[in-house]
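Take a look at the structure below.
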Amino acid sequence: MHPLARLDLRYIWHPFTQMRDWLRREPIVIVSGRGAVLRDAHGRRYIDANSSIWTNLHGHNQPIINAAIQKQLKRIAHSSALGLANEPASILAEKLIAAANFTGVPTRNRPDKAVGPRLCRVFYSDDGSTAMEVALKLAFESSRRSGRCRKPRFLTLACAYHGDTIGAVSLGQIHLFRHTWEGLLFKSDEVMAPYCYRCRYNVAKPERADARAYRKCRWECLETLERRFVAQKKRGEPYAGFVFEPLIQGAAGMIPQPAGWLRRATEIARQHNALLIADEVMTGFGRTGSGTAPDGPGPAALLFAEGNGVPALPRTGAQGHGPADSRDAVVQPTDFPLFACLHEGVKPDLMAMAKGMTGGYLPMAATLTTEDIFGEFLGEYSEFKTFFHGHSYTANQLGAAAALANMDILETPRSKRDRVRLEHEMRAQLARLWELPQVGDIRQVGLIAGIELVKNWRTKEPFDLRDRAGMRVCEAMAHRGVLTRPIGNVVVIMPPYCTTTSQMARIVDALHQSVRSVLG
Ligand SMILES: Cc1ncc(COP(=O)(O)O)c(C=O)c1O
């Protein structure tokens, strides 16, 4: 066993890991990385197929980000944001605001402009959980101060995951992650999420395609959502906020929303006066792609046309939609947003971002909000309206320098072209998996994919979680030089944006062979 592995086994307690299993074998010890490839202490190479738990964007050892951090390091690594401003964090804030208010054409839904307030203030923190914790506190207190709610309560999606701090867990709905802490948590309400593959309202028989594409339903998920808002209002106080992961729920098992769901769901929430709290921790910084690839029936078919068993969604009137066909915008690869919400023209009141913010280099996060919410915390010193919250490394200069370099790369035409190429390449390669009877659903949104493994695709019968089907397939993939982590029976493929065509093919080959050898 490598001496570094021995040290790990002796001292380290790993996150989300059954340590008894961990202690039984030699762990992979990563010592270096370049591009999409990681190298371990024995010199073995692996493709980083989940981008180091969804953080890495442009590859490891990326020269532009390396140089930006080194340049910043020669000036200063960190000074406090409590009482002091700093250079890269100020410049970064302006860039984040610009990206979050992207005024281009929404890509998945309608070509009218994004609707909602302008995000104009940035509160920095350290990771996804803290960014969500900040969003929660700001929503809670601003709702009280504005007089909208006396006891603010939040509506969240089934199987939501927003992080591991107590507030973030309270907003989460994955039983396995929250039941132990129930005594520490506050109550939040749960509403069904649009999980087309296993939705009780989807009457379609399984096909060899993304369930969003062949589903037959009457958008009962949206009716259910609306009923929840109405019922809450009848209880005397509207929901303070609607919390959601836009376009795709990650830790829930990569559950994508059919085109149009997000826009309509957030319209309902707005009609009921709830703040929109978007968790872009996984989806931000280009992860949800260009919006150019199909992810089910086109938006016009889904939203505005009768037929295919799908009724038209009610129009809201305010935006003045034209005829369906003219609304399918032609999206140029240079014209797509960095945040998932904006693909459907949704502008939230609070937007949390982390993970890819520094390109996967350093722990840094941000919560963006509106002037209205910011205003609720303004007052004379003696009024103590201050937002009493902050972390030692808030607005850290090294993180901000990395994040600025990340944003610069994302803006280049080359990066945009590469992302569009990889997204389409991924779709084409993943299609090979349909020939495996243990593949029930392949769902892709941009550069995120979940492959749901089942006992038999015709019956959709799931593997018992205790069988560790997903885990065993991923272990077999590691032996074939591809690293990723499953979520239960769902194998996640989320490659760095620099992944080459042949690397993408190797990822899918490894998955294909592993499913056959482990479950075949
Ligand atoms: C949607 C979402 N929100 C929040 C978090 C928590 O982020 P972190 O692990 O950086 O605290 C995660 C982590 O996976 C996430 O996927």
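Bear in mind these aren't lab numbers, they're just calculated from the coordinates by the rules spelled out. Everything numeric in this text was worked out from a predicted model, so none of it was measured. Neighbour counts run over all protein chains shown; Cβ positions are idealised from the backbone, glycine included.
So what's the projected area for the range 13-153, the Cα convex hull averaged over all directions, in nm²?
14.6 nm²
Taken over the range 467-520, the alpha-carbon convex hull comes to 64 cubic angstrom per residue.
In this simple spin-label approximation, ARG150 and ARG45 carry label points 7 Å from Cα along the Cα→Cβ vector, and these lie 6.6 nm apart. Per the Kirkwood formula on distinct C-alpha pairs, the Rh of the range 354-399 is how many angstrom? Here the Kirkwood hydrodynamic radius works out to 12.8 Å.
The trypsin sites (Lys or Arg not before Pro) found in the range 45-105 include none that occupy coil by DSSP while having at most 10 further C-beta atoms within 10 Å.
Reported value for the chain: 154 Å³ per residue, from the convex hull of its C-alpha atoms. Legend: calculated FRET efficiency, SER52 to ARG208, from the Cβ-Cβ distance at R0 = 25 Å, rounded to 0.05, equals 0.20. For LYS216, the lysines whose Cα comes closer than 28 Å to its Cα, not counting residues fewer than 8 places off in the same chain, are LYS205, LYS455, LYS460.
At a 10 Å Cβ-Cβ cut-off, how would you order GLU452, GLU383, GLU207, GLU226, fewest neighbours first?
Values: GLU452 25, GLU383 8, GLU207 12, GLU226 19.
Listing GLU452, GLU383, GLU207, GLU226 from fewest to most nearby Cβ atoms yields GLU383, GLU207, GLU226, GLU452.
Helices of the chain meeting both criteria, an alpha-carbon length of 18 angstrom or more along the long axis and an average Kyte-Doolittle score not below -1.0, with helices taken as full DSSP H segments, are 63-75, 87-100, 128-145, 220-234, 397-411, 501-519.
In summary, the lysines within cross-link reach of LYS347, defined as a Cα separation below 21 angstrom excluding same-chain residues under 8 places away, comprise LYS95, LYS113, LYS137, LYS355. Between HIS389 and ASN456, take the C-beta separation as r, use R0 = 35 Å, and let me know the FRET efficiency to the nearest 0.05. Approximately 0.10, to the nearest 0.05.
Averaging the Cα positions of each part gives two centres, and for the range 332-387 and the range 214-266 these lie 21 Å apart. Entry note, the chain: relative contact order of 23 percent, from Cα contacts under 8 Å with a spacing of 6+ residues. Taking 0.36 nm per residue of sequence separation and removing the Cα-Cα distance, the ARG235/ARG218 pair yields an extension gain of 3.4 nm. Counted over the chain, the DSSP beta bridges are approximately 70% antiparallel. Taking a ≥ b ≥ c as the square roots of the eigenvalues of the Cα gyration tensor, the range 419-483 is classed as oblate, since a/c reaches at least 1.5 and a/b does not exceed b/c. A convex hull fitted around the alpha carbon atoms of the range 73-183 yields 192 Å³ per residue.
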